[in-house]
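One structure follows; several queries about it will come next.
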């Protein structure tokens, strides 16, 4: 049996390992993995437990290619075998933005638990959301900003490093006040 400190360290290591993957192999996402990802999304918390999302699973290659062309921030959808578009109700924008972030991160973590990579694509600015809505048949009153690409990372992505390093803890955290001392 694993001791609690080791289990905690393993969980923290898992959380720290999540990275955006923008290049995928052609291998399909297993049905069991997709079911787990959707179940984790279904159980994600939301403001007042409204669950203001509808998840559209996209596996059609032509649709993924067309969505990738809608906005450069969604270009990675072209190499993914699967994407999940998050359609928000559109009636409580501030709360829904928060909820959308929560469910997005949980989808990505559930994918990572299966050894899958993922990345958030955006359809904001200059009517890109309208084009994405039209492709997916989303009603005009709904909000579509996000599609998450999911698949097995291409070999070259496993060795790629971010262009920028992470800021130090002292640069992003303080105790008690904005200008307080660093906890690190």
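Among the residues of segment 94-113, is there at least one that is assigned to a loop (DSSP other than H, G, I, E, B), in contact with a helix residue (DSSP H, G or I) (Cβ under 8 Å, 6 or more places away or on another chain) and closer than 26 Å to residue 36 by Cα?
Checked against the condition, which is being assigned to a loop (DSSP other than H, G, I, E, B), in contact with a helix residue (DSSP H, G or I) (Cβ under 8 Å, 6 or more places away or on another chain) and closer than 26 Å to residue 36 by Cα, segment 94-113 yields no hits at all.
Hey, could you check segment 47-67 for residues that are under 16 Å from the mean Cα position of the chain (by Cα) and closer than 23 Å to residue 98 by Cα and say which is surrounded by the most Cβ atoms within 10 Å (Cβ to Cβ)?
Filtering first and then ranking leaves 53.
Does segment 11-33 contain any residue that is under 14 Å from the mean Cα position of the chain (by Cα) and free of Cβ contacts under 8 Å to residues at least 12 places away in the same chain?
Within segment 11-33, none of the residues are under 14 Å from the mean Cα position of the chain (by Cα) and free of Cβ contacts under 8 Å to residues at least 12 places away in the same chain.
From the list 27, 10, 36, which residue is closer than 21 Å to residue 79 by Cα and either assigned to a helix (DSSP H, G or I) or out of contact with any strand residue (DSSP E or B) (no Cβ under 6 Å at 6 or more places or on another chain) (or both)?
27
Right, another one. Working carefully through the options 6, 21, find the one that is within 19 Å of residue 85 (Cα to Cα) and either at pLDDT 85 or above or surrounded by 11 or more Cβ atoms within 10 Å (Cβ to Cβ) (or both).
21
Inside segment 68-86, can you point out the residues that are in contact with a strand residue (DSSP E or B) (Cβ under 8 Å, 6 or more places away or on another chain), surrounded by 22 or more Cβ atoms within 10 Å (Cβ to Cβ) and under 14 Å from residue 124 (Cβ atoms)?
Of everything in segment 68-86, those that are in contact with a strand residue (DSSP E or B) (Cβ under 8 Å, 6 or more places away or on another chain), surrounded by 22 or more Cβ atoms within 10 Å (Cβ to Cβ) and under 14 Å from residue 124 (Cβ atoms) turn out to be 74, 85, 86.
Would segment 103-122 turn up any residue that is crowded, with 22+ Cβ neighbours inside 10 Å, free of Cβ contacts under 8 Å to residues at least 60 places away in the same chain, within 21 Å of residue 54 (Cα to Cα) and in contact with a strand residue (DSSP E or B) (Cβ under 6 Å, 6 or more places away or on another chain)?
Yes, segment 103-122 contains a residue that is crowded, with 22+ Cβ neighbours inside 10 Å, free of Cβ contacts under 8 Å to residues at least 60 places away in the same chain, within 21 Å of residue 54 (Cα to Cα) and in contact with a strand residue (DSSP E or B) (Cβ under 6 Å, 6 or more places away or on another chain).
The values are calculated or read from the model by the stated rules, or taken from the named source; none is laboratory data. Everything quoted here is computed from the prediction, not taken from an experiment. Every residue, glycine among them, receives a Cβ derived from its backbone with ideal geometry; neighbour counts consider all protein chains shown.
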